[in-house]
1. Using a 7 Å offset from the Cα along the Cα-to-Cβ direction at both B:E50 and A:A46, what is the distance between the two label points in nm, to one decimal?
2. Could you calculate the contour length gain from B:H26 to B:A91, that is, 0.36 nm times the residue separation minus the distance between their Cα atoms, to one decimal place in nm?
3. Going by how many other Cβ atoms sit within 10 Å of their own, how do A:H143, A:H78 line up, fewest first?
4. Estimate the FRET efficiency between A:E142 and A:A5 by the formula 1/(1 + (r/R0)^6), using the beta-carbon distance for r and 51 Å for R0, to the nearest 0.05.
5. State log₁₀ I(q)/I(0) for the stretch A:119-200 at q = 0.19, 0.20 Å⁻¹ as given by the Debye formula over alpha-carbon point scatterers of equal weight, solvent excluded.
6. For the stretch A:72-145, which chymotrypsin sites (Phe, Trp or Tyr not before Pro) are both in a DSSP coil and crowded by at most 12 other Cβ atoms within 10 Å?
7. How shielded is A:36-46 by partner chains, expressed as the average number of their Cβ atoms within 10 Å of its Cβ atoms?
8. Got a sec? Charge dipole of chain A, +1 on Cβ for Lys and Arg, -1 for Asp and Glu; which of A:A88, A:H143, A:P55 is way out at the positive end?
Amino acid sequence: MLRAAFRIVIGLLAMVGAIAVVVGASFAARGISAKNAPGRTETVLARRLRSAAIPRAAREQRNPVAPSADAIKEGMEHFADHCAICHANDGSGDTEMGRGMYPRAPDMRQAATQNLTDGQLFYIIENGVRLTGMPAWGGGSEHDTTDNWRLVHFIRHLPKLTDAEIEAMKKLNPKSPEENEQNEKERQFLEGGTPRNGAPAPRQHTHGGKG
Amino acid sequence: MKRVSGVLVLVIAFAIAPSVLAHEGHLHRLMGTVAAIHGERLQVKATTGETSEVVVNDKTKILRGVAAQKASEIKPGERVVIVMTESKDRAGNLVLIAKEIRLASPPATH
């Protein structure tokens, strides 16, 4: 009995030591750079840890907002305004912000997100996820709560999102005056107009995202 | 003990797991006219007169208005607005990769 307990203690100490060595080696090799995406094992471990950290009651929560075209539309408008800067309008995560985060913003159309329960999605939106770029959006008001449940409906809709819906969302994405001006110039150009003098260079750097 | 060993294996795998997908650079926009098409490469003459070569791949989204188009529907002489990234090929050459190409909408019919 004592021997078994001793083995467990030694095993645990070895594990802690190994983790310390591994984390230390990882930092020594890569520093705090977010340039490369996490490896597969780290991703799997982190997702399991995230799932385990969501209380069962939250995981099993049902969406109190009835599914409807209006709920999806309102979720879509909210997503375009607040979420798309990292997640992209189509949920792919293919934005400058999303691609540069550690971990990368996930492609929410894929099983790793779609297989989460409504309660898990809501919990993540409300509480955020530590050590990722995902902030907590739960303000505690009834309005916030309803908005976040509508977002859950919209996330379920992402795999079926149409090009027309994405185009509609682009009009709702927050833009700087310079981006609006550039978009207007591009629209005029495509319609056969000539960019006026003083316009930004035709090949221009931008901070916008995709989709 | 087996469980502890299993965790250790996972931790070590975590440390040595290869990182994937290097960081993609900033987005750039190009406004110009298609000068030529060579397979998956578009030569685009910008409104300033500078000509750039842009790669179109299967991830490139091509839109005419709001309608999705195929790369084969882009014709020389067309006006385009391209959102693209810069990356390097295996030889270290800078390559422009189109993420989205916007084409002029077809004229409205009444």
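Values quoted throughout were computed directly from the atomic coordinates according to the rules given, and no laboratory measurement underlies them. Computed from a prediction, not measured in an experiment: that's the story for all the values here. Positions of Cβ are backbone-derived with ideal geometry, glycine not excepted, and every protein chain shown enters the neighbour counts.
1. So the two model labels end up 3.6 nm from each other.
2. On the way: separation 65, 0.36 × 65 = 23.40 nm, distance 2.07 nm.
Working it through step by step, the gained length comes to 21.3 nm.
3. On the way: A:H143 9, A:H78 18.
By the 10 Å Cβ count, ascending: A:H143, A:H78.
4. On the way: r = 52 Å, r/R0 = 1.02.
So the FRET efficiency works out to roughly 0.50.
5. For the stretch A:119-200, the Cα-only Debye profile gives -0.94, -0.98.
6. Values: sites: A:F79, A:F122, A:Y123, A:W137; in loops: A:W137.
Answer by residue number: there is no such site.
7. Numbers: counts 6, 5, 4, 8, 5, 10, 6, 3, 4, 5, 1.
Rounded to a whole number, the mean comes out at 5.
8. A:P55
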